[in-house]
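Structure first, then comments.
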Amino acid sequence: MARALWKGAVSFGLVNIPVNLYSATRSEDISFDMLDKRNFAPIGYKKYNKKTGKEVSSDEIVKGYEYEKGEYVLITDEDFKAANPKATQTVEILAFIKAEALEPYYLDTPYYLEPGKRGEKGYVLLRDILKETGRIAIGHVVIRTREHLAALLPVGNLLVLNTLRWQNEIRDASDLEIPKSAGVTARERDMAKQLVEGMKQEWKAEKFKDTYRDDLMARIKERVKAGQIHSVPEEEAPAEQPHTAEVIDLAAMLRRSLQNKSGKADDKEPEKEAKPQRRAAASKSASSKRATRHRRRTA
């Protein structure tokens with residue numbers, strides 16, 4: 001059994017019975033993920049600040065009541081407990097009613113009650129009295145910060161606490177067109193009774209299965225076996241871009257490093273030094289030609 005959701009007492013009159021409250025149900029729903037049909041990637045949902053658009057972590061979220069437009073009062077766990085300390089620790093029985101008087105649509109969620117320390121005698125007494133009188137107890141209880149109307153019912157050796165819907169949560173059915181009589185004949189009634197008699201049996205919950213869930217799981221397994229599955233593609237690493245600029249920079253850095261180390265010019269420096277030599281040779285050639293022309297005129 002899981003951890004107790006609530007520890008307190010059942011009280012009626014001056015009787016106080018220590019009890020522990022446990023959830024009596026569990027979900028057997030098939031879990032489905034929401035996927036993007038384009039690539040079957042899971043869809044995620046984020047809690048975000050509507051003003052800034054930034055994501056908010058769970059430890060930064062608090063409860064608030066909007067008493068005016070845009071104006072809030074913060075409510076803490078201590079506030080919930082302080083609102084009605086007795087209700088948060090006690091199943092306070094208000095009345096005992098006939099079991100058949102409780103309409104089934106009021107029943108909501110069942111919980112198991114276990115006797116607490118030194119609560120065994122009071123637990124057994126209440127359970128057996130409810131069985132003997134054919135009545136159930138109606139009272140108030142707070143579970144997870146919310147107050148509920150609840151019924152205590154004896155089931156075998158257990159006391160079961162079943163939360164109830166409030167009257168204002170039940171829709172009015174008076175506007176539905178429900179016939180009082182539809183011309184059913186005596187012969188039809190007799191045949192219907194025979195059919196009921198032929199199908200009657202003791203109630204055993206384990207005999208009834210969730211066939212819809214089983215059939216749906218069978219279809220899922222068939223598709224997996226047939227290879228009709230979709231995998232989320234792994235994200236491809238972005239293609240590496242050629243580091244042209246880095247190579248050029250690296251070459252320049254190496255060249256400069258070599259210059260600094262050897263004190264010699266790089267491969268482009270000899271071309272810069274050759275230019276003055278060519279200009280000098282060209283000037284000498286031009287002067288020689290002018291001298292030759294001068295000698296010819298004077299001769």
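The values are calculated or read from the model by the stated rules, or taken from the named source; none is laboratory data. Because the structure is a prediction, the values reported are computed rather than measured. All Cβ positions, glycine included, derive from the backbone under ideal geometry; neighbour counts span all protein chains shown.
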If you go through LEU74, LEU94, the only one that is at negative phi, outside any loop (DSSP other than H, G, I, E, B), hydrophobic (A, V, I, L, M, F, W, C) and without any contact (Cβ under 8 Å) to a residue 40 or more places away in the chain is LEU74
For LYS51, the lone unmet condition from (1) more than 30 Å from LYS117 (Cβ to Cβ); (2) in a strand (DSSP E or B); (3) not polar (S, T, N, Q) is (2)
Counting only residues in segment 39-66 that are within 25 Å of GLU78 (Cα to Cα) and among the basic types (Lys, Arg), the one farthest from the chain's Cα centre (by Cα) is identified as LYS63
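Given the options LYS63, LYS46, name the one that is charged (D, E, K, R), modelled with pLDDT of 85 or more and either assigned by TED's automatic domain parsing to the domain that holds TYR112 or surrounded by 10 or more Cβ atoms within 10 Å (Cβ to Cβ) (or both). So that I can check it myself, show each step before the final result.
Working: LYS46 fails: either assigned by TED's automatic domain parsing to the domain that holds TYR112 or surrounded by 10 or more Cβ atoms within 10 Å (Cβ to Cβ) (or both).
None of the others qualify; the one that does is LYS63.
Has segment 125-137 got any residue that is in the same structural domain as GLY13 (by TED's automatic domain parsing) and under 38 Å from the mean Cα position of the chain (by Cα)?
yes
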Residue hits (segment 185-217; surrounded by 10 or more Cβ atoms within 10 Å (Cβ to Cβ) and part of a loop (DSSP other than H, G, I, E, B)) are ASP210
When every residue in segment 97-113 that is of a type in the set (A, V, I, L, M, F, W, C) and assigned to a strand (DSSP E or B) is compared, the one farthest from the chain's Cα centre (by Cα) is ILE97
When segment 1-43 is checked residue by residue, the ones that are farther than 30 Å from ALA151 by Cβ, among the aromatic types (Phe, Trp, Tyr) and surrounded by 13 or more Cβ atoms within 10 Å (Cβ to Cβ) are PHE40
